[in-house]
Amino acid sequence: MKGKIIKSTGSWYQVLELETNKIFEARIRGKFKLIKTRLTNPLAVGDFVEFQLEQDDIAWITKIEPRSNYLIRKSVNLSKEAHIIASNIDLACFIFTLKHPETSLGFLDRFLACCEAYNITPLILFNKIDVLHEEEIEIVKDIEFLYQEIGYDALEISSYSKLNLDQLQEILKDKTSVFFGHSGCGKSTLVNALQPGLNLKTSEISDTHLKGKHTTTFAQMHFWDFGGNVIDTPGVREFAMIDIEKEEVQHYFPEIFKKREECKFHNCLHINEPKCAVIDALETGEIQHSRYATYIKLMDEAEEASQK
């Protein structure tokens, strides 16, 4: 039987049988656990699998189909490097909030680089626009313009005032999407606004640290009435890339990759090489310092990983 993983708690899974749309509780055979991997989880929500039924309609997953793409986060398990958040994604939506909580540009840039690396279409959603003052809205518009100039799609939204939610529905229709962002950025509230009746648990922002409290503790797929589905995920603190060489990192920053053609040396890494077009563009403001800082950090991480 063929199915799709729609919920993962770590030890148990829910599998949607593709022909009948029946949902089964499922577990994995031991051989999955024996596969040597740098990932903490052998299966993720969005995976297509083969399974067989045994007594009490318990499904045993026997095979995983090749993934078209996936996104991963850094693992809290020190013996492993990363944890797959979701797989086979058509659209990855990053929910950016200027405040309550504040989203850093570095976090956004790391997400975008991961989307580039794993061939996923990103969409930046500037959320909670309704709580911003006029000066803050101008800051958001400046950030939005910066990323649109690079080539990324963006949309200003509000779950409470319903700003641009109709437009967002059209974008999400018939796609497998995933929402990312810090805890408290409004992921679950947005899902509830787009699909009334789901009643996903939401959380207030902590007054002490102005950060969200984790309300989603495991990944789960929810289905839109207007077509398609969304994978709701726990708050992600940091995205990760594995098996990436430091020379590859510039491929995942479109404005840097474009400028490399003007560098004197074809193997320029844009650090301290002479006649580097990227460094020149950084000094003129054509390339943003925040983007370049993330680029250097990812280069360092790739170098460190290669030495392990």
Can you tell me how many residues within segment 103-121 are closer than 18 Å to LEU155 by Cα and open to solvent by 20 Å² or more (accessible area, probe 1.4 Å)?
3
Restricting attention to segment 90-102, the residues that are of a type outside the set (Phe, Trp, Tyr), under 14 Å from the mean Cα position of the chain (by Cα) and crowded, with 20+ Cβ neighbours inside 10 Å number exactly 3
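Would you confirm, using the coordinates I've provided, whether HIS289 is over 30 Å from ILE84 (Cα atoms) and over 21 Å from the mean Cα position of the chain (by Cα)? Outline the logic, then answer.
Details: over 30 Å from ILE84 (Cα atoms): no; over 21 Å from the mean Cα position of the chain (by Cα): yes.
Against the criterion (over 30 Å from ILE84 (Cα atoms) and over 21 Å from the mean Cα position of the chain (by Cα)), HIS289 does not qualify.
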Can you pull out the residues in segment 49-75 that are within 23 Å of MET241 (Cβ to Cβ), part of a strand (DSSP E or B) and open to solvent by 40 Å² or more (accessible area, probe 1.4 Å)?
ILE64, TYR70, ARG73, LYS74
Scan segment 83-138 for residues that are within 25 Å of GLU247 (Cα to Cα) and β-branched (Val, Ile, Thr) and jot them down.
ILE84, ILE120, THR121
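Of everything in segment 234-289, what is of a type in the set (Ser, Thr, Tyr) and over 20 Å from CYS115 (Cβ atoms)? Give them in sequence order.
Our first condition is that a residue be of a type in the set (Ser, Thr, Tyr); within segment 234-289, this holds for 252, 284.
Scanning segment 234-289 gives a single hit, THR284.
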Report yes if LEU172 is closer than 15 Å to CYS93 by Cβ, touching a helix residue (DSSP H, G or I) at 6+ places or on another chain (Cβ under 8 Å), modelled with pLDDT of 95 or more and surrounded by fewer than 21 Cβ atoms within 10 Å (Cβ to Cβ), otherwise no.
no
Touching a helix residue (DSSP H, G or I) at 6+ places or on another chain (Cβ under 9 Å), within 25 Å of ASP174 (Cβ to Cβ) and modelled with pLDDT of 95 or more - does that describe any residue in segment 99-109?
no
I'm trying to understand the selection: among the residues of segment 244-288, which are β-branched (Val, Ile, Thr), assigned to a helix (DSSP H, G or I), open to solvent by less than 80 Å² (accessible area, probe 1.4 Å) and free of Cβ contacts under 8 Å to residues at least 40 places away in the same chain?
ILE256, VAL278, ILE279
Of all the residues that make up segment 188-204, how many are open to solvent by 20 Å² or more (accessible area, probe 1.4 Å) and within 16 Å of the chain's Cα centre (by Cα)?
0
Picked from segment 225-243 (must be touching a Ser or Thr at 6+ places or on another chain (Cβ under 9 Å) and not aliphatic (A, V, I, L, M)), the residue surrounded by the fewest Cβ atoms within 10 Å (Cβ to Cβ) is ARG237
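The values are calculated or read from the model by the stated rules, or taken from the named source; none is laboratory data. None of the values given here were measured: they were computed from a predicted structure. Neighbour counts are summed over all protein chains in view; Cβ atoms, including those assigned to glycine, are modelled from backbone coordinates with ideal geometry. Note: areas computed on protein heavy atoms with side chains; ligands, DNA, RNA excluded. Shrake-Rupley method; radii C 1.70, N 1.55, O 1.52, S 1.80 Å.
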